[in-house]
1. Looking at (1) at pLDDT below 85; (2) under 21 Å from Gly480 (Cα atoms), which is the only condition Pro420 fails?
2. Looking at Gly400 and the list (1) at pLDDT below 90; (2) open to solvent by 40 Å² or more (accessible area, probe 1.4 Å), which single condition is not satisfied?
3. Exactly one of (1) at pLDDT 90 or above; (2) in contact with a Ser or Thr (Cβ under 7 Å, 6 or more places away or on another chain); (3) of a type in the set (A, V, I, L, M, F, W, C) is unmet by Leu366. Its number?
4. Taking Ala229 as meeting all but one of (1) outside any strand (DSSP E or B); (2) under 24 Å from Pro369 (Cα atoms); (3) open to solvent by 20 Å² or more (accessible area, probe 1.4 Å), write down the number of the exception.
5. Checking Cys127 against (1) modelled with pLDDT of 70 or more; (2) touching a Phe, Trp or Tyr at 6+ places or on another chain (Cβ under 6 Å): exactly one of these is not met. Which one?
6. Can you tell me which of Thr101, Thr126 is in contact with a Leu (Cβ under 9 Å, 6 or more places away or on another chain) and assigned to a loop (DSSP other than H, G, I, E, B)?
7. Pick from region 443-468 the residues that are assigned to a strand (DSSP E or B) and not β-branched (Val, Ile, Thr): which of them is surrounded by the fewest Cβ atoms within 10 Å (Cβ to Cβ)?
8. In the set Gln295, Gln237, Gln286, Gln263, which member is farther than 22 Å from Asp333 by Cα and open to solvent by less than 50 Å² (accessible area, probe 1.4 Å)?
Amino acid sequence: MSDENDENDEDSDEWEEEERTGGTLSFVTTYFSGVVSGFLRNLGCFRRVNMLNVPSQSFPAPGSQQRVAAAGQSGRNKVALKPGRSLMDWIRVAKSGRDLTGLKGRLIEVTEEELGRHSTREDCWTCIRGMVYNISPYMEFHPGGEEELMKAAGIDGTDLFDQVHRWVNYESMLKECLVGRMAVKISTGTKGLSLPPPPSSMGPPVNLAPPSPSAPQQPAAAPPPTKDARPRYDWFQTDVTVNLVVYTKRKIPSTGCTIVDLQEGVLRLEVLLGKMSYMLHLRLAQDVQPSVAVQTAPAVGKVQLILRKQARGKWSELGQPLDSHDSLLRRKDRGLFYRECVLVSKSEVSHDTLVFRLQLPQGTLLHVPTGKHVYLKARIQDSEVVKPYTPVEQTLMPAGPAPPDPAGSAPTPLPPDSSPQGAGPDLFLMVKVYPEGVFSPHLNSLETGDRLSVSNPDGPFSLRPLRDVTHLYLIAAGTGFTPMARLIRLALEDLANLRKTKLMFFNRQERDILWRSELDDLAAKEERFQVDYVLSQPCDRWTGRKGRVDATMLADLLVRPEGSSCYVCVCGPSPFTELAVRLVKQQGFSEEEIHAFQG
């Protein structure tokens, strides 16, 4: 079964969560660089800018520290701040965990009308480069005074902000005040915006000496591009290789976030960043070999793609950009991409279920994370038919159990899903063949060597809730077992905090139980795993549970030991899933403790 639901908008956006977290050191560095910048500006090295539709004498404000000090004065014309309103005090406020947006951590899309409604001192939002911030909490901490910030109240001040200090790292300064993105592009405001320093260390060089009155005025050097949170890429080469480097500007998994397709000289590189997707799409300047390799530096968020040249020598350019090159989109807004895979084999699992082994084309690297599915596409009776399927492992048995969790230890970080199946050249799909169906009979009719279109991974399942789980409960019916298969393996291999994984598996008859021998072997060898079979149409000799899912069965399964952290996954036909989820909630489990795979 697979998960086709759209991502829940109430869930925290993984990319934006990562953007809203950061080390104290970088935060402090940003602020102190701002102090230095403000000092240098007041020595006369910061030029006045005439802004669109704003008289030059109106900006900076007369009382602002951004106005050049008058002759004979020293220090800054600085707005007096109340006690406890220094830069370090703001740092403490920003790092305190307080809700500085008024949205309880939720990120929203903001219309132009909504932005305009937040234009008072007590409720002040502003927009910079499509991102909306609630700057009300910062008002009293702004060295330039509230008047400067209020010039951008309820409007987009991007262009005006850029004219003053384009290189300022405002994302770091205001990241805890982030409300969300603008829903549409809005017109540039006509008011000035003077956010405080801090410029980044990449700011233009500054001469500490005051300019001579008789010296000719030289045009100020253009500030460098804004440092923002958007990924960027670069490339370099040797005589034999071409190397593309993507700087994602956020922490990433060591595997599973990069998809590469190299076909007939066209390169498509997609980096999955939570709910976002960054893509490079190029027709390469010269021929390369079909093999590709990826190296990842998770801590710094760097992905490097290595291509081998067909002929030695230097390239004068990388290639020609194609559609969506260098684009960052929400994953659900990115169209599905398919590649042609070859059927290598199919093997029987039960009387009506087979495992299909599909080989990815040379030049493709594709990792399907646990809990995600792919779409298969085929032309059947002159119609294009698409069907989601969840990959399984070649075997259910894990490579080795995770070490036991020491008593009292802190939860361990969730490791990347590093199963060999996800990153290897083959996909394994467990498919039940329905005689009256459309897609499964077509799959069953394919011969070895036939081709099938396979999409990129999709689905909203996230491993985040499993970080500190001690008890994982899986409720599956029929082929709803498929997402559970990889979850079981992941749980036993990588979740060191996990004390118990229990599977309650519903089927009609004994012959319908998928991978029964492997499940039994795993339960015998691994004390942290338990399986319980339930049959609705058992034979007379069946001694196990009988019937359909009900409250009594789930009460026996869903035990909450003291001090435990529990999570429940459900998958099966829609009526089964809906009933099971309702019964799980009746056992006292919250929405946040349940994930239902819909198929």
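1. (2)
2. That leaves (2) as the condition not met.
3. Only one criterion in (1) at pLDDT 90 or above; (2) in contact with a Ser or Thr (Cβ under 7 Å, 6 or more places away or on another chain); (3) of a type in the set (A, V, I, L, M, F, W, C) is unmet by Leu366, namely (2).
4. (2)
5. The one condition Cys127 does not meet is (2).
6. Numbers: Thr126 fails: assigned to a loop (DSSP other than H, G, I, E, B).
Exactly one of Thr101, Thr126 is in contact with a Leu (Cβ under 9 Å, 6 or more places away or on another chain) and assigned to a loop (DSSP other than H, G, I, E, B), namely Thr101.
7. The residue in question is Arg451.
8. Details: Gln295 fails: open to solvent by less than 50 Å² (accessible area, probe 1.4 Å); Gln286 fails: open to solvent by less than 50 Å² (accessible area, probe 1.4 Å); Gln263 fails: open to solvent by less than 50 Å² (accessible area, probe 1.4 Å).
Among Gln295, Gln237, Gln286, Gln263, only Gln237 is farther than 22 Å from Asp333 by Cα and open to solvent by less than 50 Å² (accessible area, probe 1.4 Å).
The values are calculated or read from the model by the stated rules, or taken from the named source; none is laboratory data. Given the structure is predicted, the values throughout are model-derived calculations rather than measurements. Using ideal geometry, Cβ is built from the backbone for each residue, glycine included, and neighbour counts are taken over all protein chains shown. The protein model used for the area step is the full one, side chains on, heavy atoms only, and it has no ligands, DNA or RNA in it. Shrake-Rupley method; radii C 1.70, N 1.55, O 1.52, S 1.80 Å.
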